[in-house]
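So the structure is just underneath, and the comments pick up after that.
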Amino acid sequence: MYTEKVMELFMNPKNVGRIEDADGIGEVGNPVCGDVMKIYLKIKDDRIVDVKFETFGCAAAIATSSMVTEMVKGKTLDEALKVTNKDVAEALGGLPPQKLHCSLLAEEGIKAAIEDYLAKRGNDNKKESGEKQCAKA
Amino acid sequence: MSRFVYLDHSATTPVDQRVIDAMMPFFAPDFGNPNSLHAWGRKARQAVDKARNQVAQLINAYPAEIIFTGGGSEADNLAIKGVAFAKKDKGRHIITSAIEHHAVLDTCNWLAKEGFDITVLPVDEYGMIRPDELERAIRPDTILVSIHFANNEIGTIEPIEKIGNICRSHGVLFHSDAVQAAGHIPIDVKNLPVDLMTMAAHKMYGPKGVGALYIKKGVKVIPLIHGGGQERGLRSGTENTAGIVGFGEAAALAAERLAKGEMEKETRLRDKLIDGVLKNIPDVILTGHRLERLPFHASFCFRYIEGESMLLRLDALGIGASSGSACTSGSLEPSHVLLAIGLPHEVAHGSLRLTLGKDTSDEDIDYVLENLPKVVESLRAMSPYGKRG
Amino acid sequence: MSRFVYLDHSATTPVDQRVIDAMMPFFAPDFGNPNSLHAWGRKARQAVDKARNQVAQLINAYPAEIIFTGGGSEADNLAIKGVAFAKKDKGRHIITSAIEHHAVLDTCNWLAKEGFDITVLPVDEYGMIRPDELERAIRPDTILVSIHFANNEIGTIEPIEKIGNICRSHGVLFHSDAVQAAGHIPIDVKNLPVDLMTMAAHKMYGPKGVGALYIKKGVKVIPLIHGGGQERGLRSGTENTAGIVGFGEAAALAAERLAKGEMEKETRLRDKLIDGVLKNIPDVILTGHRLERLPFHASFCFRYIEGESMLLRLDALGIGASSGSACTSGSLEPSHVLLAIGLPHEVAHGSLRLTLGKDTSDEDIDYVLENLPKVVESLRAMSPYGKRG
Ligand SMILES: Cc1ncc(COP(=O)(O)O)c(C=O)c1O
Ligand SMILES: Cc1ncc(COP(=O)(O)O)c(C=O)c1O
Ligand code: FES
Ligand code: FES
């Protein structure tokens, strides 16, 4: 069902965890639907210098989380925003059709985190440790 | 990986070597069609007759009450559609439960489109039918009640005798899907008010693709598969001789195991597993009834994590399990059973079923109890909801 | 007895040793349920996929067009009821022939009771459908034509291409029961106007209890067996993995044999048998078409004697044969096929079918040609109608 790459990243995901002083945090999905992805970004000079994720979901969701974080690490925000779910799925050697939405989650997660960063920057330094706002756990 | 531990016996079981040995000759050289009059055919006919006896004995039925089918789902369809079409001039109301197998529920859904009226009874948090609710649902035009013997996802055993007595007292036929129960707990149809009952060979160490429907003497059903008139005209088609022989042998072996205390043996290991999991892993619930459950069946929901990822991590450790999470099914909804017992979606997503078999050992359970907590912990460490130390 | 000669391959065939070998692992250790996500399940899924490819290749279909069923009869029922229920709002008229297998005829009879309108086309003395009669029978509310590829009792091969073209030109779906033909004569569904086609593994050296329905892409049918949604939702139930694997292997071997000239080989032996019987035994007729017939199929009616007694005498000589006499069926009527081709009852009673197989040898045919005349003669000597010396 899954490619070797998917299984490899599912078994040994990269960039797992949270960044306590993240510059941007994106949370997408819904626990009711069975998949939630939370992306933490550390950004310096419009470039993603660190990224971590937390995911509640299937093997595909975990593998895409890992893959997308690897793909955007080191990229500028503009470059990162161009990473699509198709790119992620391709980098994984493909996903079963019923799991494509998991890769969409990855794309959206990054976008949400960048938007969060941009919004915070727009509001200046008002909400420095605002990441708790999304955490339901 | 240090061990292979198959704990998915509710999905299917390995075919017993004695069953394979019994089947072999009927592929060749004893490949005859039981309907042929020559030597090849007569040998096949004898074998089918013997198997019918063996299956009948397992549930204390008369051999003529056993109709072999192409599987459990077919037998469920035959029972329900068969009674529906046979009785449709008498009434068109059928009662079933919310946690039946899809072979029952989807059949009822189809009948609903064809002009039948279906009542789907709710169950309590343990997956139990409430007999009083059943009784209230019966109407003058009710022709059939279909309630399974035991549930495949949560292992709960229904109060079959009470249900059957209510049906009897209202003159309504009672079908029970015993695919998970037959061969694993004692069933005696002469002392149970059941009119039709479904079984499947592959859930009791027999081959896939062969099932049986017990049809009590005198109960009329319309065949699902018309044709050459095999199986008393109720299931046409050249008999799957080897498969039927395998089912017969599997039934005989199951009866033998039951007599030798298989239930007690499995119950002990099951309880060791259940207690071990509940004790060693936080934020977990047992699904289904704690006592009224199949002796080989353990099922849980682990909070904050998802079933498919659990079972694939277990697979990598050589452990075969299953889950009713939405992600394993490729649908957007978790199992209808888990929702029907009142679990919230996010909890149902974390379901894991571990079903033991006749060859499961203490070491197997130890291996699972050693590894499952690690799997849960490592997935929770990734989860945005997971509690961290 | 000096020899065992099985000449009842139309009834069923021995399972090829290579088919048995292919199936074995899927009873154990590779017993997984193809729907399970763990290693056991994945292995089973791969095996089912491979088999689907093999069966598809035999008839040049796409794999997704092959639905595995629990036998040929089930596939016939699925095709006919499936189209009937899918199209019933468009029309309720179905056309079939008088010499179809009961799996088709009885299904149509049941549909007739459920409000469908069935036209049963007559056939000529060779069992051939007349395309012009079919065309005249088609009405605006005709939804399906079901005509078999080849007849099991008399071996006649129907003009499938012509029939299919007529159906196409009228926008009517065409189902063909190819249980006797598939694997024995070349069939290429990409170049044949057929929408649904039935096959059974056990007629081509595969196991009993597994069949397949070819359903052309885009053709909609309602499932016969509802449930877990296996086989694209068209045939629910845990897949008969070993049986399906066996079917796949049998299909691959059949394709190989066909490519290697099996038809020509069988045709030669069949003609030797037919010519030998017609030459050496008086008062016998060949039933079915002399040329448009299955390469392995010989069928006769012997005047003045009765089929069951013939086949039991042959059985005592080690020869396995079959008959469509009333006495073999236990009914009062001889086979509907023999009556439909216009044979008088007394002639039809004397029917004998000898169907060859891939392993039938010249010596086997010689043995039959040596013994059959004696059997016929000795029974005729007992008959009040038999010509005596
Ligand atoms: C022409 C034809 N159709 C259908 C069938 C039914 O196949 P099965 O007996 O495998 O269900 C047979 C064989 O018995 C047959 O010869
Ligand atoms: C309770 C129950 N009913 C019916 C079935 C269907 O049996 P089969 O898949 O053999 O057709 C199953 C197993 O899948 C089951 O667990
Ligand atoms: S998280 Fe549910 S399918 Fe991927
Ligand atoms: S003569 Fe006895 S059944 Fe026909």
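Rounded to the nearest whole Å², what accessible area per residue is found for region A:4-136 with the 1.4 Å probe?
45
What FRET efficiency, computed as 1/(1 + (r/R0)^6) with R0 = 56 Å and r the Cβ-Cβ distance, is obtained for C:C327 and B:E135, rounded to the nearest 0.05?
Calculated transfer efficiency: 0.60.
Quick check on my link table: of C:K87/C:K203; B:K203/C:K220; B:K208/C:K50; C:K162/C:K216; B:K217/B:K358, which ones sit more than 29 Å apart, alpha carbon to alpha carbon?
Over 29 Å Cα-Cα: C:K87/C:K203; B:K203/C:K220; B:K217/B:K358.
Each label point is 7 Å from the Cα along the Cα-to-Cβ direction; what then is the distance between the points at B:Q17 and C:K220, in nm?
5.3
Which shape class, rounded, prolate or oblate, goes with region B:301-389 when its Cα gyration tensor gives a ≥ b ≥ c as root eigenvalues, a/c under 1.5 marks rounded, and past that a/b bigger than b/c marks prolate?
Because a/c hits 1.5 or more and a/b fails to exceed b/c, region B:301-389 counts as oblate.
DSSP beta bridges in the protein assembly as shown, what fraction antiparallel, as a percent rounded to 5?
Percent antiparallel among DSSP bridges in the protein assembly as shown is about 60.
How much of the DSSP bridge set in chain B is antiparallel, in percent, rounded to the nearest 5? It would help to have the intermediate numbers written out before the result.
Numbers: 20 of 39 bridges.
Roughly 50 percent of the DSSP beta bridges within chain B come out antiparallel.
Quick one: which bits of region C:37-61 get at least 50 Å² less accessible when the partner protein chains are in, versus the chain alone, with a 1.4 Å probe?
Hits at the 50 Å² cut-off: C:L37, C:H38, C:W40.
For region C:71-119 and region C:186-224, what is the separation of their C-alpha centers, rounded to whole Å?
Comparing the Cα centres of region C:71-119 and region C:186-224, I get a distance of 16 Å.
Between chains C and B, what is the buried accessible area summed over both chains (1.4 Å probe, protein heavy atoms, nearest 100 Å²)?
4700
Give the average, rounded to an integer, of partner chain Cβ atoms located within 10 angstrom of each Cβ in A:53-66. Provide the component values of the computation, followed by the final result.
On the way: counts 2, 6, 7, 15, 10, 15, 11, 4, 5, 8, 1, 0, 1, 1.
Neighbouring Cβ atoms belonging to other protein chains average 6 per residue here.
Less than 12 Å from a label point 7 Å out along the Cα-to-Cβ axis of C:E377: which backbone N atoms in region C:280-301 qualify, by residue?
Output list for this probe position: C:280-282.
Could you order the peptides C:95-101, C:342-348 from most to least packed, using the average number of other C-beta atoms within 10 Å per residue? Kindly include the intermediate steps, with their values, before the conclusion.
Details: C:95-101: 24.4, C:342-348: 16.6.
So the order, starting with the most tightly packed, is C:95-101, C:342-348.
So in chain A, what percent of DSSP beta bridges are antiparallel if you round to the nearest 5?
Antiparallel bridges make up about 95 percent of those DSSP assigns within chain A.
With labels modelled as points extended 7 Å from the Cα through the Cβ direction, what inter-label distance (nm, one decimal) is found for C:L258 paired with A:E8?
4.3
In nm, what does the list of distances from B:N109 to its counterparts in the other copies look like, shortest first, when each label sits 7 Å along Cα to Cβ?
Distances between equivalent label points, in nm: 3.4.
What is the set of long-range amide H partners of A:V16 at a cut-off below 5 Å, with H atoms built 1.01 Å from backbone N?
A:F53
Which distances in nm, rounded to one decimal and ordered from shortest, link the label point of C:D89 to the equivalent label points in the other identical copies, with labels set 7 Å from Cα toward Cβ?
2.8
If each label sits 7 angstrom from Cα along the C-beta direction, how far apart, in nm, is B:D271 from its counterparts in the other copies?
Going from nearest to farthest copy, the values are 7.7 nm.
Estimate for me the total accessible surface buried between chains A and B (protein heavy atoms, probe 1.4 Å, no ligands or nucleic acids), in Å² to the nearest 100.
2000
Counting partner chain Cβ atoms within 10 Å of every residue's Cβ in C:226-239, what's the average?
Details: counts 15, 13, 7, 5, 2, 0, 0, 1, 0, 4, 11, 14, 12, 4.
For peptide C:226-239, the averaged partner shielding equals 6.
Report the FRET efficiency, 1/(1 + (r/R0)^6), for C:D49 and A:K82, where r is their Cβ-Cβ distance and R0 is 56 Å, rounded to 0.05.
Once rounded, the FRET efficiency stands at 0.95.
When only Cα pairs under 8 Å and 6 or more residues apart are kept, what is the percent relative contact order across chain A?
Relative contact order here is 29 percent.
Just to confirm a number: summing +1 for Lys and Arg and -1 for Asp and Glu over residues other than C:R235 whose beta-carbon lies under 10 angstrom from that of C:R235, what do you get?
Residues near C:R235 contribute -3 overall.
Mind giving me the nanometre distance, one decimal, between the label points for B:E161 and C:E114, set 7 Å out from Cα along Cα→Cβ?
That separation, rounded to one decimal, is 3.9 nm.
How far, in whole Å, is the nearest Cβ of chain C from the axis relating it by rotation to chain B, and which residue carries it?
C:G70, 1
Name the residues of region B:72-99 whose accessible area, probed at 1.4 Å, falls by at least 10 Å² once all protein chains are in place instead of their chain on its own?
B:S73, B:E74, B:N77, B:K81, B:F85, B:K88
In region A:1-50, which residues become less accessible by 50 Å² or more once every protein chain is in place, relative to the chain on its own, using a 1.4 Å probe?
Relative to the lone chain, where solvent access is computed with a 1.4 Å probe, region A:1-50 loses at least 50 Å² at A:M1, A:F10, A:M11, A:V32.
Counting alpha carbon pairs within less than 8 Å and at least 6 residues apart, what relative contact order, in whole percent, applies to chain C?
For chain C, the relative contact order is 22 percent.
At a 1.4 Å probe, what is the % contribution of carbon and sulfur to the accessible area of the protein assembly as shown? Provide the component values of the computation, followed by the final result.
Numbers: 17080 of 32740 Å².
Roughly 52 percent of what the probe reaches on the protein assembly as shown is carbon or sulfur.
Per residue, how many Å² of accessible area does chain C show with a 1.4 Å probe?
Each residue of chain C exposes 35 Å² on average to a 1.4 Å probe.
The values are calculated or read from the model by the stated rules, or taken from the named source; none is laboratory data. This is a predicted model, so every value here is computed, not measured. In this analysis, Cβ positions are derived from the backbone assuming ideal geometry, glycine residues included, and neighbour counts consider all displayed protein chains. Surface areas here come from the heavy atoms of the whole protein model, side chains and all, with no ligands, DNA or RNA. Shrake-Rupley method; radii C 1.70, N 1.55, O 1.52, S 1.80 Å.
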